[in-house]
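J.: Sharing a structure here in structure tokens format.
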Amino acid sequence: MTHSQAESRIATLRLTSTSRAAELIVAGKLVAFPTETVYGLGVDARSSEAVQRLFRAKGRPGDNPLIVHLDSLDRWRAAARELTESAIKFLEAFSPGPLTVVLPKHPSIASEVTAGLDSVGIRIPSHPEARELLAHAGIPVAAPSANRSGRPSCTTWQAIIEDMDGHIDAVLLGKACDIGVESTVVDCCGEQPIVLRPGGVTLQQLRTVVPQTLSLDEHLQRRQLGQASQLPDAGAEHPLPSPGLRHPHYKPRARILLVEEADIEKVVQPENRDDLRDYNPPGKRVAFVGLRSHHWRASEQECLQRFYHFQLFEGVDQYAAGFYEFLRECDRKLVDLIFVQRSPLDGVGEALSERQHRASS
Ligand code: TXA
Ligand code: MG
């Protein structure tokens, strides 16, 4: 995936000052910054021109809306017309943090931000530097994940340089992101909240606050059965309620094959020649990523020999935090095929397994 020839390259500044980063965003520039989930690419959410530049820099389809970031809940009026009851409950319980609530959009937010929808996603990140930047800026900041569209999200600033150097104005240098998968997006416009994208806050956690919260599958099933709930902007024009679901996501250049835990032995230690051909195609670079387990017969030493690139994580949280970077490392090593152990569904695994599924399809 290359940037269009028409876009000339610019010098991408490496910044360490949050106030400098904020000044640049206020001046209409594109500035990447760390959050607790993944790095974001920030821009003044009120400026159509700046937002259009951001879509071009990312190569993002114009029909996929951006999330607006604020430094505190007090500022919600800068982005939304109304704070619904469910949104208040969610934000009070889980914000600042990895949660995005979709609300009726305020007219001052550029229509490009929301891809023409009448709703807007709002998030208050908990990352200290992100909050400092947002407080200095004092404006609503639209920020998608800072990757080239379709690629795995960036959890380190070095990954942003890989994707975006010469195409954005600056990167605020920070540490690797803690959570590693994006925020939970929950539509709070209607009576019943709907989780459009699983993320750092789980469905179960959301239901402790608003028990009638629906997963996207539940919502779609109901819609099929004709019990359609009230998604304001979706429905007729949108086959799926979150426009982002229509586009390819999180993809490295290699092919990804998901492996259930029960099948890992076959992949790690093929027993016969046919297996070998399937799991270790001649002349191909094969990688494996998964969770450390005591049940394997193969030793880690054997795995290191067998796979061109290989990594095991201690638990689901670590797996989520390192997954995108593993995919990117496979790209750097020109890996052809990646076996990905499907994440268990507990905690952030709910979101990780959804990303794995989408990266593989
Ligand atoms: O953790 C995150 O959410 C990160 C950090 C940077 O905050 N941001 C992020 O943005 O993941 P992005 O652009 O990669 O994903 C935004 C998602 C997309 O799936 C988009 O369709 C959905 O949020 N979204 C945004 N506004 C929406 C709206 N008004 N209605 C429905 N879905 C919306
Ligand atoms: Mg993204």
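J.: Measure nothing but the geometry: give the 0 to 90° angle between the long axis through the Cα atoms of 85-94 and the longest principal axis through the Cα atoms of the chain, rounded to 10°.
T.: 50
J.: Would you mind getting me the FRET efficiency between Ser19 and Gln269? Use the beta-carbon distance for r and R0 = 56 Å, nearest 0.05.
T.: With R0 = 56 Å, the Cβ-Cβ based efficiency is 0.55.
J.: Could you tell me which of the pairs Lys175/Lys333; Lys58/Lys266; Lys266/Lys333; Lys29/Lys175; Lys251/Lys284; Lys29/Lys251 are separated by over 30 angstrom between their Cα atoms in the structure shown?
T.: From the list (Lys175/Lys333; Lys58/Lys266; Lys266/Lys333; Lys29/Lys175; Lys251/Lys284; Lys29/Lys251), the Cα-Cα distance tops 30 Å for Lys58/Lys266.
J.: While we're looking at this one, here's another question. What is the dipole size for the chain, taken about its Cα centre, with +1 at each Lys and Arg Cβ and -1 at each Asp and Glu Cβ, in debye to the nearest 20?
T.: In total the dipole reaches around 860 debye.
J.: Now, a different point. For a footprinting-style exposure proxy, rank Leu206, Leu83, Leu70 by other Cβ within 10 Å, fewest first.
T.: Taking fewest neighbouring Cβ atoms as first place, the list is Leu83, Leu206, Leu70.
J.: Within 10 Å of each residue's Cβ, count the other Cβ atoms and sort Cys188, Cys177 from fewest upward.
T.: Cys177, Cys188
J.: Taking the 0 to 90 degree range and rounding to the nearest ten, how far is the long axis of helix 48-58 tilted relative to the main principal axis of the chain, both from C-alpha atoms?
T.: Roughly 0 degrees, rounded to the nearest 10.
J.: Select from Ile194, Pro211, His167 the residue farthest towards the positive end of the dipole of the range 121-237; place +1 on Cβ of Lys and Arg, -1 on Cβ of Asp and Glu, and compute about the Cα centre.
T.: Value: Pro211.
J.: Same structure again: Restrict the search to the range 273-361; then list the GluC sites (Glu not before Pro) that DSSP places in a loop and that have at most 14 other Cβ atoms within 10 Å of their Cβ.
T.: Within the range 273-361, the qualifying GluC sites (Glu not before Pro) (loop, at most 14 other Cβ atoms within 10 Å) are Glu314.
J.: Moving on. Beyond 28 Å, what share of the Cα-Cα pairs of the chain is found? Please give it as a whole percent.
T.: Percent of Cα pairs beyond 28 Å in the chain: 44.
J.: Taking a ≥ b ≥ c as the square roots of the Cα gyration tensor eigenvalues, with a/c under 1.5 meaning rounded and otherwise prolate when a/b beats b/c, else oblate, which class fits the range 275-346?
T.: Oblate, because a/c is 1.5 or more while a/b does not exceed b/c.
J.: Out of residues 5 or more away from Phe288 or on other chains, whose amide H comes under 5 Å of its own, with H placed 1.01 Å from N in the peptide plane?
T.: Amide H neighbours of Phe288, under 5 Å, 5+ apart: His309, Phe310, Gln311, Phe339.
J.: Here is a follow-up. Which one of Ala146, Ser8, Pro98 is farthest out on the positive end of the charge dipole of the chain, using unit charges on Cβ (Lys, Arg +1; Asp, Glu -1) and the Cα centre as origin?
T.: Ser8
J.: Under 15 Å from the Cα of Lys89, which aspartates and glutamates turn up, not counting those fewer than eight places away in the same chain?
T.: Within the straight-line cut-off, Lys89 pairs with Asp74, Asp187, Glu191.
J.: Same structure again: Each label point is 7 Å from the Cα along the Cα-to-Cβ direction; what then is the distance between the points at Ala11 and Ala176, in nm?
T.: 3.1
J.: For the range 56-104, what is the charge dipole size about the Cα centre, in debye to the nearest 20, if Lys and Arg each add +1 at the Cβ and Asp and Glu each add -1 at the Cβ?
T.: 300
J.: Mind putting a number on the dipole of the range 1-142 about its Cα centre? Charges go on the C-beta only, +1 for Lys and Arg and -1 for Asp and Glu, and I need it in Debye to the nearest 20.
T.: Once rounded to the nearest 20, the dipole reads 360 debye.
J.: Let me ask something else about it. Which one of Asn64, Ser86, Val340 is farthest out on the positive end of the charge dipole of the chain, using unit charges on Cβ (Lys, Arg +1; Asp, Glu -1) and the Cα centre as origin?
T.: Asn64
J.: For the range 60-136, just the Cα atoms, rotate onto the principal axes and tell me the three extents in Å, largest first.
T.: 30, 28, 19
J.: For Asp331, Asp263, Asp217, what's the fewest-to-most ordering of other Cβ within 10 Å of each Cβ?
T.: Asp217, Asp263, Asp331
J.: Then there's this: Where the centre of each part is set by its Cα atoms, how far does the range 308-351 sit from the range 49-107, in angstrom?
T.: Taking the Cα centre of each part, the range 308-351 and the range 49-107 sit 28 Å apart.
J.: P(r) of the range 1-98 in 5 Å steps, Cα pairs, percent per bin?
T.: With a bin width of 5 Å, the distribution comes to 2, 10, 18, 21, 20, 15, 8, 4, 2, 0.
Values in this text are rule-based calculations from the coordinates and carry no lab data. This structure is a prediction, so every number in the text was calculated from the model and none was measured. Positions of Cβ are generated from backbone atoms using ideal geometry, with glycine treated the same way; all protein chains shown enter the neighbour counts.
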